[in-house]
Amino acid sequence: MIRVKNPQDFWAGILFVIFGGAALWIGRVYAFGTLSKMGPGYLPAVLSWTLLGIGGVLIVRALAVGGPAIERSQVKPQLFILAAIVVFALAIERLGLALAVMLVAITAGLASRDMRWVEAIALGVGLAVLCVVLFVHLLGQPFSVWAF
């Protein structure tokens, strides 16, 4: 009987295999091409096979090397991360890039038990400045910095 010694790696490997297999199945309709003349299906196929390989290695490793059990899932952090994504989607056009990014950092920070408001606000301001400089000024993306 095969015994799984590392459940975390085993189930991570299963997920990699599922996603790699699904990507291969979805991308089967694209022309693969050759190495010198790559078709639209070349990169998806290579990445899919890479996912399958990583998944296979993780599964084999999980059968050979011991590791920690899967911890019980915590719902609160997951909900705050999901809320941060929704906040960004709702705020980017209404409030602009800078405020949307700051709200995302603060909302995501609420997922932590050890959240400190000063650090979350500082992170939000830093990320907002970085995003505005990168996306608006350097890349020329048509985001409004402040929408009001």
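The values are calculated or read from the model by the stated rules, or taken from the named source; none is laboratory data. Model, not experiment: these values are computed from the prediction. Please note: Cβ atoms are built from the backbone with ideal geometry, for glycine as well, and neighbour counts cover all protein chains shown. Quick note on the areas: whole protein, heavy atoms, side chains included, nothing else; ligands and nucleic acids left out. Shrake-Rupley method; radii C 1.70, N 1.55, O 1.52, S 1.80 Å.
Find all pairs meeting these conditions: Cβ atoms under 7 angstrom apart; at least six residues apart or on different chains; first residue within region 76-87 and on the phi > 0 side of the Ramachandran plot and assigned to a helix (DSSP H, G or I); second residue small (Gly, Ala, Ser) and open to solvent by less than 100 Å² (accessible area, probe 1.4 Å).
none
Identify, from the list 26, 70, 81, the residue that is open to solvent by 60 Å² or more (accessible area, probe 1.4 Å), within 30 Å of residue 109 (Cβ to Cβ) and over 18 Å from the mean Cα position of the chain (by Cα). If you could, list the steps in order and put the result at the bottom.
Numbers: 26 fails: within 30 Å of residue 109 (Cβ to Cβ); 81 fails: over 18 Å from the mean Cα position of the chain (by Cα).
On inspection, the qualifying residue turns out to be 70.
So, in region 105-148, how many residues would count as being open to solvent by less than 60 Å² (accessible area, probe 1.4 Å), assigned to a helix (DSSP H, G or I) and in contact (Cβ under 8 Å) with a residue 12 or more places away in the chain?
Selection size over region 105-148: 11.
List, please: which pairs have Cβ atoms under 9 Å, are six or more places apart or on different chains, and start with a residue in region 17-34 that is of a type in the set (S, T, N, Q) and end with one that is surrounded by 12 or more Cβ atoms within 10 Å (Cβ to Cβ) and part of a helix (DSSP H, G or I)?
Close Cβ pairs (under 9 Å, with a partner that is surrounded by 12 or more Cβ atoms within 10 Å (Cβ to Cβ) and part of a helix (DSSP H, G or I)) amount to 34/42.
Yes/no matrix, rows are residues, columns are (1) of a type in the set (D, E, K, R); (2) touching a helix residue (DSSP H, G or I) at 6+ places or on another chain (Cβ under 9 Å); (3) at pLDDT below 95; (4) not in a strand (DSSP E or B):
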{"site": "3", "(1), (2), (3), (4)": "yes, yes, yes, yes"}
{"site": "15", "(1), (2), (3), (4)": "no, yes, no, yes"}
{"site": "19", "(1), (2), (3), (4)": "no, yes, no, yes"}
{"site": "23", "(1), (2), (3), (4)": "no, yes, no, yes"}
{"site": "27", "(1), (2), (3), (4)": "no, yes, yes, yes"}
{"site": "36", "(1), (2), (3), (4)": "no, no, yes, yes"}
{"site": "50", "(1), (2), (3), (4)": "no, yes, no, yes"}
{"site": "58", "(1), (2), (3), (4)": "no, yes, no, yes"}
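Considering (1) within 18 Å of the chain's Cα centre (by Cα); (2) aliphatic (A, V, I, L, M); (3) within 29 Å of residue 4 (Cβ to Cβ), say which one residue 58 fails and leave the rest.
Here residue 58 clears every test but (1).
Taking the criterion of being surrounded by 15 or more Cβ atoms within 10 Å (Cβ to Cβ), among the β-branched types (Val, Ile, Thr) and over 30 Å from residue 112 (Cβ atoms), would at least one residue in region 34-47 satisfy it?
Checking region 34-47: not a single residue is surrounded by 15 or more Cβ atoms within 10 Å (Cβ to Cβ), among the β-branched types (Val, Ile, Thr) and over 30 Å from residue 112 (Cβ atoms).
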